[in-house]
Amino acid sequence: MDYKAGAIAHSNIALIKYWGKRNSHNNLPAVGSISLTLKELFTQTQVCFNEAIAQDILFLNGDRASAAMEERVSKFLDIVRFKSGIKYSAEIKSHNNFPTGAGLASSASAFAALALAASSAAEISLSPAQLSELARCGSGSAARSIYGGFVEMKVGKKSNGSDSFAVRLADKDYWDIVLLIVITADTEKDIGSTQGMNHTELSSPYYGQWIKTSSDDLKEMRSAIKDKDFVKLGELTEYSCLKMHALCFSARPALIYWNDLTFQLIHLVRDIRKSGIPVYFTIDAGPQVKILTLPQHVGYLRDTIKEISGINRIIETTLGPDAQVIGVMR
Ligand code: DP6
């Protein structure tokens, strides 16, 4: 017998960043985080548990995934097998509609879609919080991609992680914000987030301060969202991003995720802002620059950014929906 289901989950971008773990074994974050779910970037995943499958096998965008990725997914499915009592291995087919591993949070949408597809296939019914907790076991940022709109990941206190899941702050129609994702390189990142976080914790003298100041950043961001204060939201977003990268710069050896274009875009955004346009940047563990603005400024910003030579592509997106179960792909 087949236990089969499919799901779609959208990627997200953190306004207040998650960086660091309080427990690596259960993948528990050391800080809370706040994100926007993105409409245009998503992962669709199908999971099929079947007794005829000898070992878990993962196809990513049509190709067999690396052994390391298969192992990570297999470990994740062990949690679902444990919860459901299913003993079978699975075939997983996953498609991203955006470049994988270039700092566009592919693990967020990937593990959110996998959590929903695998739990549905295994016929275990989970509340959104439990689903978010499950997704977190695969990747911290995936816990947020269970919900659309504005989302907060709770740091939690318990060592088993049962209070470390995401909650919705506002839904996707709450506020018309646009994100322009400027692709400066399509290459895979050298040092993934998990490894980067670990290295920073072990070697940056600023790590303690990062943890200490986190709850104030979250509190301010919650109030910026509640008041629909775009300037405050933007300033806090840049602050959290630069604070995270300052941690990376202060690690030994330093972690530098940026390239020349990343720097150029940071300066461009700051210059445009001086001319009175509300525009702010954020950057994750990769060289892409994500630019936040309001709808009426998108045309001007796109035209201005396109003039920088070397920009591969700009993806424009608004806020996206919750993760959902979908029909299985044939
Ligand atoms: C910079 O969620 O990829 O994008 O839990 O180890 O899988 P793991 O990390 P991951 O880290 C995301 C880091 C970030 C900031 C963020 O999304 O909050």
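The values are calculated or read from the model by the stated rules, or taken from the named source; none is laboratory data. It should be emphasised that the depicted structure is a prediction, and the values quoted were computed from it without experimental measurement. All Cβ positions, glycine included, derive from the backbone under ideal geometry; neighbour counts span all protein chains shown. Quick note on the areas: whole protein, heavy atoms, side chains included, nothing else; ligands and nucleic acids left out. Shrake-Rupley method; radii C 1.70, N 1.55, O 1.52, S 1.80 Å.
Dividing the mean sequence gap of close Cα pairs (under 8 Å, 6+ apart) by how many residues the chain holds gives a relative contact order of 26 percent. The alpha carbon gyration tensor of the range 230-274 gives principal lengths a ≥ b ≥ c with a/c of 1.5 or higher and a/b no greater than b/c, which makes the shape oblate. Shape analysis of the range 152-297 places it in the oblate category; the axes a ≥ b ≥ c from the Cα gyration tensor give an a/c of at least 1.5, with a/b not above b/c.
Spacing of the modelled spin labels on ASN259 and LYS87, each 7 Å from Cα toward Cβ, amounts to 5.0 nm.
With all protein chains present, how much of the accessible area of the range 123-213 (probe radius 1.4 Å) comes from carbon and sulfur, to the nearest whole percent? Walk me through the numbers before you get to the answer.
Values: 2100 of 4190 Å².
Accessible surface attributable to carbon and sulfur in the range 123-213 totals 50 percent.
Applying the Karplus relation 6.51 cos²θ - 1.76 cosθ + 1.60 with θ = phi - 60° to the range 216-221 yields 3J(HN,Hα) values of 5, 5, 5, 4, 5, 5 Hz, where x marks Gly and Pro.
When ligands, DNA and RNA are left out and all protein chains stay put, how many square angstrom of accessible area per residue does the chain have with a 1.4 Å probe? All intermediate terms of the calculation are to be shown ahead of the outcome.
On the way: 14260 Å² over 330 residues.
Accessible surface, normalised per residue, equals 43 Å².
For GLU235 and TYR300, the FRET efficiency from 1/(1 + (r/R0)^6), where r spans their Cβ atoms and R0 equals 25 Å, is about 0.75. In the chain, helical runs assigned H by DSSP with n ≥ 4 each contribute -39500 (n - 2.57); averaged across all residues and rounded to the nearest 500, the mean residue ellipticity at 222 nm is -12000 deg cm²/dmol. Seen from ALA52, the other residues with C-beta closer than 15 Å to its C-beta sum to a net charge of -2, counting Lys and Arg as +1 and Asp and Glu as -1.
Taking 51 Å as R0, compute the FRET efficiency from the Cβ-Cβ separation of ILE311 and ARG64 and round it to 0.05. Efficiency computed from Cβ-Cβ geometry: 0.95. Using a probe of 1.4 angstrom, how much of the accessible area of the range 1-85 is carbon and sulfur, in percent? Carbon and sulfur: 51 percent of the exposed surface of the range 1-85.
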